[in-house]
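Written out below as structure tokens is the structure these notes cover.
The values are calculated or read from the model by the stated rules, or taken from the named source; none is laboratory data. Worth saying up front: this structure is predicted, and the values here are computed from it rather than measured. Every residue, glycine among them, receives a Cβ derived from its backbone with ideal geometry; neighbour counts consider all protein chains shown. Just the protein is used for accessible areas: all its heavy atoms, side chains included, with ligands, DNA and RNA removed. Shrake-Rupley method; radii C 1.70, N 1.55, O 1.52, S 1.80 Å.
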Amino acid sequence: MSEPGLVLDGVSAAYRSSTVLHEVDLAVRRGELLVVLGPSGAGKSTVLRVVAGLEPVTTGRVLIAGRDVTGDRPGRRNVSMVFQSYALFPHLSVAENIAFGLEVRDTPRAVARERARVAAESVGCAALLDRRPGQLSGGERQRVALARALVREPDVFLLDEPLSNLDLALRVEMRAELRALHDRVGATVVHVTHDQTEALVLADRIAVLRDGRIEQVGTPDEIWRAPASSFVARFVGSPAMNLLPADGPVRPAGNPPPGAPVTETGRLDLGFRPEAVTVAGADAEGTPATVDRVDVVGEDAYAYLRLAGGEPVVARVPAARRPDRGAAVRIAVRWADVHVFHAGSGRRYSP
Amino acid sequence: MTRPDTRSRRQLALMLAPYLVGLVALVLLPAVVTLALAFTEYDLLRPPTWVGLDNFTALVDDPVFRVSLTNSLVFGLVAVPLRVLLALGLALLLHRRALGVGSARSAAVLPTAVPEIAYGLLWLWLLNPLYGPINQLLRTGGENGLTALGRTPPQWLTDPTDARAAIILMSLFTMGETFVVLLAARRALPRDVYEMAALEDATGWDVFRRITLPLMAPVLALLAVRDLIQSLHFSFVPAFVVTDGGPPPYATTYLSLFVYRNAFEYLRYGYAAAVTLVMILLTVAAVLVQWRLVRRYRAFYGV
């Protein structure tokens with residue numbers, strides 16, 4: 001492994017008496033953009049706050065650029081953070097906001113202002129330098145917060161759901177800019193989000209967090225194609241992956257994975273994405289199902305089906321050839337598109 | 001829901017009536033009468049006689065009036081900033097949750113809750129030059145009734161300068177309301193802004209100077225003006241109870257005490273009314289400043 005940018009070594013953290021992080025191990029390479037993804041309350045923000053030193057660890061160590069900073073106060077860790085609320089100083093102009101970190105570190109005023117201007121230019125908010133945060137739109141505030149994080153060249157950037165307060169169009173635009181900015185600056189970034197699209201688009205690697213534990217760390221491709229658990233499989237992807245007992249009604253076509261007779265035991269689950277389901281008329285081969293409801297999203301339609309035993313299955317079909325509500329259909333999937341999980345633990349099954 | 005109809009408007013008027021009656025009968029009418037009396041000579045026994053601007057020309061020539069005006073202004077300009085600073089210091093010290101903070105907050109507010117006369121009598125004892133605890137404390141380590149530095153301890157009730165200082169000292173501890181407002185204002189400031197400052201390794205002084213103070217400035221300014229207006233009134237009881245306007249020559253005679261003496265001891269009601277008018281003008285000036293501040297901060301923060 002190349003130079004470590006940030007390492008969490010068995011880090012636990014607690015809020016009041018409840019533990020919110022359970023011995024989290026995480027390594028971020030220098031210059032890597034790692035996205036921490038998880039549902040609300042999974043402890044994503046706590047990961048950032050522990051790295052920043054705003055929250056103490058109960059066990060474990062935090063290393064930044066190879067340096068153990070576990071006992072250091074936030075200001076000594078050389079990290080910068082973009083808060084979800086942006087945390088801009090309302091009484092300072094944009095230029096003063098960006099230069100704040102430099103000025104409290106006794107950088108000469110002229111130098112600080114010049115570097116603030118450069119940072120503002122790099123995120124495209126140089127025209128706003130004399131304004132106050134109250135006069136800015138959400139997207140503009142976001143840029144100012146980014147410029148403030150950039151101006152000091154820290155070892156690690158921590159972004160706490162920075163795009164969640166923006167409307168959809170702006171979020172897509174800022175997402176692309178954030179990625180481009182990272183490619184240009186090459187900084188080590190930890191980006192927290194609950195938005196799976198954002199994670200898949202932005203990340204070099206994704207760490208999926210659930211109830212204070214890491215479920216899986218991997219590239220977006222690995223997370224998508226080889227989810228390590230049924231939780232990851234269902235959390236990433238919309239609508240969520242279908243999950244049915246392996247000895248249930250759906251028997252995939254083709255060659256099953258080698259090893260154990262998957263469909264014979266009741267302790268395994270089959271997962272397959274809505275995209276993998278083929279829907280045919282009632283006279284075709286496959287498992288019979290009825291159509292509960294159909295959501296049309298432009299060219300695509302999502303058919304919410306119900307099998308004879310009551311199990312729900314979602315299928316993506318072309319909007320032009322969508323089945324009618326209440327229609328009887330047959331569905332089929334291929335082994336190649338199926339993920340197998342242990343039913344109890346949810347871990348991925350490997351023969 | 002649209003504009004209130006006739007019936008609910010009548011109900012609203014009915015509910016407002018007691019307040020309006022009280023305001024007019026107990027505040028506005030007496031104020032107008034006082035205003036009118038300022039141009040008369042009136043001893044509360046015989047009917048008032050019109051004297052035009054005589055009372056005001058007399059005021060300009062009255063050395064006691066000039067002394068009390070100066071005393072009031074100096075008191076306001078010294079005591080008010082000190083009070084606000086003390087309240088701010090305590091608010092910043094006590095805004096966090098910690099052991100004993102609740103009791104400390106109560107202690108800070110307590111002196112404000114003591115009835116004024118009792119508070120005055122308490123200080124009469126505290127300030128006693130011979131037996132008072134303050135001077136006993138100052139004399140510790142010294143000899144022959146002097147302080148440890150060999151100086152005479154302050155003669156709180158007999159020396160003009162010391163007496164003025166005593167009145168200011170007394171007024172400092174009644175800043176409970178100011179403290180409560182500042183405590184609330186500090187607790188309303190966003191936490192993430194302070195976390196941001198911690199990440200930038202800002203020192204306590206930098207945080208105070210660059211964040212806390214500017215963010216609290218609107219509240220501080222308003223409280224200072226409010227206290228300035230109030231200082232015309234809360235100098236009355238200490239001066240009346242503790243120093244009796246003295247020591248000579250009129251060292252702690254403030255405008256309020258001056259008015260009281262003239263109206264009810266010397267029975268020069270018209271003359272007192274003229275001084276009241278001066279106090280009202282001072283108050284109006286302060287309120288104008290307050291308005292300007294509010295407008296400025298509104299524009300500043302875009303609220």
Of the listed residues (B:143, B:177), the one being of a type outside the set (A, V, I, L, M, F, W, C), touching a helix residue (DSSP H, G or I) at 6+ places or on another chain (Cβ under 9 Å) and open to solvent by 30 Å² or more (accessible area, probe 1.4 Å) is B:177
Would you call residue A:249 part of a loop (DSSP other than H, G, I, E, B) and closer than 30 Å to residue A:9 by Cβ? no
Would you check which residues across the stretch A:60-118 are within 25 Å of the chain's Cα centre (by Cα) and among the polar types (S, T, N, Q) and list them? A:78, A:80, A:84, A:85
Just a yes or no: is a residue in the stretch B:95-109 in contact with a Gly (Cβ under 8 Å, 6 or more places away or on another chain), open to solvent by 30 Å² or more (accessible area, probe 1.4 Å) and within 22 Å of residue B:189 (Cα to Cα)? yes
Any chance you could count how many residues in the stretch A:168-226 are crowded, with 22+ Cβ neighbours inside 10 Å, over 14 Å from the mean Cα position of the chain (by Cα) and within 27 Å of residue A:274 (Cβ to Cβ)? 0
Are any residues in the stretch B:129-153 without any contact (Cβ under 8 Å) to a residue 24 or more places away in the chain, under 23 Å from residue B:239 (Cα atoms) and part of a loop (DSSP other than H, G, I, E, B), and if so, which ones? B:130, B:131
Looking at residue B:72, is it touching a residue at least 24 places away in the same chain (Cβ under 8 Å) and part of a helix (DSSP H, G or I)? yes
What about residue B:218, is it within 14 Å of another protein chain (Cβ to nearest Cβ) and under 26 Å from residue A:82 (Cβ atoms)? no
With the condition kept exactly as written, say whether any residue in the stretch A:171-184 is touching a residue at least 12 places away in the same chain (Cβ under 8 Å) and within 14 Å of another protein chain (Cβ to nearest Cβ). no
If you check residue A:306 against the conditions, is it in contact with a Pro (Cβ under 8 Å, 6 or more places away or on another chain), open to solvent by 80 Å² or more (accessible area, probe 1.4 Å) and not hydrophobic (A, V, I, L, M, F, W, C)? yes
One residue is enough: does the stretch B:261-277 have a residue meeting the conditions in contact (Cβ under 8 Å) with a residue 60 or more places away in the chain, in a loop (DSSP other than H, G, I, E, B) and surrounded by fewer than 19 Cβ atoms within 10 Å (Cβ to Cβ)? yes
When the stretch B:180-206 is examined, which residues are found to be away from chain A (no Cβ under 11 Å) and surrounded by 16 or more Cβ atoms within 10 Å (Cβ to Cβ)? B:180, B:181, B:182, B:183, B:185, B:186
What about residue A:124, is it among the small types (Gly, Ala, Ser), in contact (Cβ under 8 Å) with a residue 40 or more places away in the chain and open to solvent by 10 Å² or more (accessible area, probe 1.4 Å)? yes
Select from the stretch A:120-151 the residues that are hydroxyl-bearing (Ser, Thr, Tyr) and closer than 19 Å to residue A:80 by Cβ and list them in ascending order. A:122
Would you check if there is a residue in the stretch A:64-75 being under 26 Å from residue A:219 (Cα atoms), at the interface with another protein chain (Cβ under 10 Å from one of its Cβ atoms), open to solvent by 10 Å² or more (accessible area, probe 1.4 Å) and in contact (Cβ under 8 Å) with a residue 24 or more places away in the chain? no
For the stretch A:38-54, how many residues meet the condition of being in a loop (DSSP other than H, G, I, E, B) and either of a type in the set (A, V, I, L, M) or within 10 Å of another protein chain (Cβ to nearest Cβ) (or both)? 3
Looking at residue A:325, is it at pLDDT 90 or above, assigned to a loop (DSSP other than H, G, I, E, B) and surrounded by fewer than 16 Cβ atoms within 10 Å (Cβ to Cβ)? yes
Could you run through the stretch B:117-128 and say how many residues are in a helix (DSSP H, G or I) and in contact (Cβ under 8 Å) with a residue 24 or more places away in the chain? 6
Scanning the stretch B:156-174 residue by residue, those in a loop (DSSP other than H, G, I, E, B), over 20 Å from residue B:106 (Cβ atoms) and open to solvent by 60 Å² or more (accessible area, probe 1.4 Å) turn out to be B:158
Failed condition for residue A:135, given (1) in contact (Cβ under 8 Å) with a residue 40 or more places away in the chain; (2) at the interface with chain B (Cβ under 8 Å from one of its Cβ atoms); (3) of a type in the set (S, T, N, Q), with all others met? (1)
